[in-house]
Structures are given as structure tokens and as C-alpha cells.
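Data block below; observations after.
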Amino acid sequence: MELLYRSTRSTEKTVTASEAILKGLADDGGLFVPERIPKLDVSMEELKEMTYQETAYTVMKQFLTDFTEEELKRCIASAYDSKFDTEEIAPLAKVGDTYHLELFHGATIAFKDMALSILPHLLTTSAKKNHVKNEIVILTATSGDTGKAALAGFADVPGTRIIVFYPKGGVSRVQELQMVTQKGANTSVVAIHGNFDNAQSGVKAIFEDKELAKELDVCGYQFSSANSINIGRLVPQVVYYVYAYAKLLKNKEISAGETINVAVPTGNFGNILAAYYAKQMGVPIARLICASNENKVLFDFFQTGKYDRNREFVLTSSPSMDILISSNLERLIYTIAGGNARKNAELMQSLKERGVYEITSEMKEKLEDFVGGYATEAQTSTKIQKTYQETGYVMDTHTAVAAYVCREYREKSGDVRKALVASTASPYKFAHSVMTAIDEKYKDWEEFELIDELHKISGMEIPAAIEEIRNAKIRHTRECDADKMKETVKEILKG
Ligand SMILES: *Cc1c(COP(=O)(O)O)cnc(C)c1O
């Protein structure tokens, strides 16, 4: 059955999956959502025996109904290949009494690879299907990991250009090096003087600028997005929750039908929304535990029903979650408003104008699947240290936020269901924070010394992504003010 997509801000118009992927954001500034969430059309018994690629096809074909079997299978095969350092693609690790779903085995060692290794293929396939002649310009704001994963995915892909904006001083050293050393004639990287929210708002404003779109169309360009506002990123993320549940079952860690909780370190709300979609598809997930760092705007929202971004932006050791405007939350708001686009648009207008909105009590009742929690910087680093001491497992700072919140929820609520923690980055990507959490003595060590030391104490192979940047040449040095992003994009495209 064909599945169409609508904007969260006006529901009259529908588009196909490939059109939604091409556009990224709807014309009215809303996000594309599927008309309904399809139910899994195979049993867990069958899913148990499937490879990652087979699971991906099974899940994605239900969302991307205008892709042919051949097209979709080709996208999947080109994405989930030897770029990943394990055939399992997303392996499970048992750490104490929780299961870590390791989503960092791709080319840039963060979970963004799970979707961004396939998005370029989905996008170029969509362009062909819709007879697009223009070059597609991917505009991306990054809190650190999306940028590199998108650059790696789109580098030298014919018919595309990619421009990444990251907050200067707001990403880890490894994250920055990964981006500024990126090869590829079609890639541009810009450090903005501002934070991630500035970058994301700037990109959204460029998307909504109809005049600019016309101007660039004349030059043969059109924009699309690699951020998780693109449905082409969200859908591939549903896959690994289905896969993880099936593997827990296969490994006899759970029994058929047993419900589990899922804890997700959250920033833009994309990853946890994918888990919510997986639940609606029929995966037996009970609670979705939304873990924040000290930028705990989502925790407060789940407590009070009030979303309030008017607060200090804190730079933490989990920079990929340093976000005060979680753009994917809009998809959930639309859902709990019963698909009422007018109501959603009103709330988003309020967020834009006043930085705050409040949902109705009726809407709040529909949030009972979600639990909010947060970890302070001290709690995060203690979690890394204690886990290392007790189990020998080294986790990154983002994962530690979720692992902490997951444990706290279990203790406070008495809900002892088995729990899956989305493990979103390799500890190598945040070596300084991880190593100083384990031992203060590493405080003044140099980045690559820490990386070698991390290898020694954990026995984990140093990923190729790290070796690549050790001596790589810096290729991108462009910077701009947060209010000059549009001019910068023009310069790059016309220059
Ligand atoms: C992007 C990112 C997150 C947050 O994911 P969202 O989908 O934005 O909520 C968490 N951890 C890491 C390592 C990330 O790169």
C-alpha cells in the first residue's frame, strides 16, 4: 500500500517518499511525516534470522513505497558494506545488566553513519525518479557528528554539493579535525561564530528563503537537508531498533513478546523518535527513556508539558547533545495533537517568537510512553569511570548520559525490564573527556597520546577514522558570523 507524507504544519498537500527526501523540509517550514506508521509485515521469528541488510529492506520498504525493490536494495547494499568494521553493522554488547546497541561502527564512528551512509543513495535515487536536473546542495548544521558523517557520505557523489556549518569551539577536537580534513571537490566546511542552535536556525532560514531558492535555481542548484529533519534519515534509524530486538530474542536474552525499555542520549530528538516509530510498528518496547545532558530542555518538557528554550546554553562533554531546539520533537507534537497541523503550527510559531510553548493536558497524556531524565557533567563522568572499573567497558560521554539516566530510572521506578541503551559514539571520538573521567591524571595529555592510552587500557582497536586524521592535511578554514550564513552559501556556490 502506498504511503504518502504530509507536512506537520499544513495537511492538505501530500508528497511521495522520494519527494519528501528531496525537499528535506516542507515549503511551509514543517517537517514531513508519514500519513500513518506501518505495522511490521513479518514476524519476529523471521526477523530473528535476518541480516542487518535484510532487516533494513523489510523495514524501509514499508516507509519508502515509491522506491522499487531493486532501487532500495541497491541503496542498502551500497550503504551497509565494508565501511562498517563489523558484519553485524550494529552489534549488541552486554554491559552489566544492560545491553548496549553499538551504533558507532561506521566510517565516522558515531551513530549518524547509520543513516548518513544511506541518505546519499536515497537522495540520488529520488532525484532520478523525479527527473531533477539541478545539482543538489546539501546544507547541514552540525553539533559535531552529523557534519562528518554527511561529508563522508556525499564526498564526490556526482550531482551533489555539500556545505556543513559547525559551531566553532562547540565540538570536540577529533570532531573538528574530522571535518576540516575532509577531501572531496564538492565539500565545504564552515565554522560559525555561534552555537548549534544558531547554525540550525540559520540553515532553516535559508531553506525557507523562497527568493534565494529562485536565484539559485537559475544557477542550477536546489537545496536539500542531511539533518534529521529529513525523513530519509529518520527511516533508516528505525531499522536498528527492530534489528536489536530481534537479536536479543535470537540470543535468548529475552523471550518472545517480552517488553524492553530503550534509553537514548538525545539532542535533536531524531534517534528516540525512530525508536518511537519502531514501537508503533510493533516492536515490544515499553518505555522510551529520553536522556539529556545539562541542556535539559527535554527533561523539563516531559516533566511539565512546557517547552522553554529561554535558558543558558551549556557547553558540555557530550557536545552532540548541546541543543536547546530539538527539531524532531515537532513530529511528536504533531502526533500527540492528533495530527492537528494548525495546533502544531501555532505552538511552533510560539517557539519561534517567544522561545516557549505549552501543550494541553490532553496532549500530555499521550506522552506516557516517554520518560525524561538527565545527567550532570559529574554524573556522566562518574558513570564512565565506574563502568570501566566494574566491567572494563569504556563508553563515550553521550552513551554515558543515557546509561546513567537508564540506571536512575530503573532504581527510582522499580521498572526492572531489560534495557537497551543506544550507544551513539566511539569513546575514541571523545578521548579527552573519557580518559579524564577514568583518571584525572590524563587532564593535560595531548589528544593523540590519549588515544593511544585508551587503546592500551581498553584493548579496543583504534578505528580507521582516527588513524586517518592523525596526520591529515587541514583543507577547510572558512569561518563566518551566525547572521552571515546565507551570504556564505552564495559565495561558495557562485564563487
Ligand atoms: C547526534 C548525536 C546524539 C543525539 O541524537 P539526536 O537524534 O539528535 O537526538 C547523541 N549522541 C551522539 C554521539 C550524536 O552524534
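Applying the set (1) of a type in the set (Gly, Ala, Ser); (2) within 28 Å of Leu72 (Cβ to Cβ); (3) in contact with an Asp or Glu (Cβ under 8 Å, 6 or more places away or on another chain) to Ser225 leaves exactly one unmet item: (3). Apart from one condition, Glu54 fits all of (1) under 17 Å from Asp41 (Cβ atoms); (2) in contact with a helix residue (DSSP H, G or I) (Cβ under 6 Å, 6 or more places away or on another chain); the exception is (2).
Listed by position, the strands (runs of 3 or more DSSP E) inside the range 277-372 whose residues that are modelled with pLDDT under 95 and surrounded by 15 or more Cβ atoms within 10 Å (Cβ to Cβ) number at least 3 form an empty set. Residues considered: Ile89, Ile109. Of these, the only one that is away from the ligand (no atom under 16 Å from the Cβ) and either in contact with a strand residue (DSSP E or B) (Cβ under 7 Å, 6 or more places away or on another chain) or farther than 21 Å from Val489 by Cα (or both) is Ile89. Only a single item in (1) touching a Leu at 6+ places or on another chain (Cβ under 7 Å); (2) under 30 Å from Glu208 (Cα atoms) is not met by Lys48, and it is number (2). Taking the listed residues Ala431, Ala419, the one that is within 16 Å of the ligand (Cβ to nearest atom), of a type in the set (A, V, I, L, M, F, W, C) and at pLDDT 95 or above is Ala431, with no other qualifying.
Here's the yes/no breakdown for (1) under 23 Å from Met460 (Cβ atoms); (2) in contact with a Lys or Arg (Cβ under 7 Å, 6 or more places away or on another chain); (3) away from the ligand (no atom under 15 Å from the Cβ); (4) small (Gly, Ala, Ser):
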{"residue": "Asp369", "(1), (2), (3), (4)": "no, yes, yes, no"}
{"residue": "Gln385", "(1), (2), (3), (4)": "yes, no, yes, no"}
{"residue": "Thr397", "(1), (2), (3), (4)": "yes, no, no, no"}
{"residue": "Ala402", "(1), (2), (3), (4)": "yes, no, no, yes"}
{"residue": "Tyr409", "(1), (2), (3), (4)": "no, no, yes, no"}
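Listed here are the residues, each with its yes/no results for (1) within 14 Å of the ligand (Cβ to nearest atom); (2) modelled with pLDDT of 95 or more.
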{"residue": "Ala141", "(1), (2)": "yes, no"}
{"residue": "Thr146", "(1), (2)": "yes, no"}
{"residue": "Gly170", "(1), (2)": "yes, no"}
{"residue": "Arg173", "(1), (2)": "no, no"}
{"residue": "Met179", "(1), (2)": "yes, yes"}
{"residue": "Thr187", "(1), (2)": "no, yes"}
{"residue": "His193", "(1), (2)": "no, yes"}
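Yes or no: Lys94 closer than 26 Å to Thr391 by Cβ, of a type in the set (Lys, Arg), surrounded by fewer than 20 Cβ atoms within 10 Å (Cβ to Cβ) and over 20 Å from the mean Cα position of the chain (by Cα)? Considered against the rule, which asks whether it is closer than 26 Å to Thr391 by Cβ, of a type in the set (Lys, Arg), surrounded by fewer than 20 Cβ atoms within 10 Å (Cβ to Cβ) and over 20 Å from the mean Cα position of the chain (by Cα), Lys94 comes out as yes.
The values are calculated or read from the model by the stated rules, or taken from the named source; none is laboratory data. Fair warning: this is a prediction, and the values are worked out from it, not measured in the lab. When we count neighbours, we look across all protein chains shown, and the Cβ atoms used for this are built from the backbone with ideal geometry, even at glycine.
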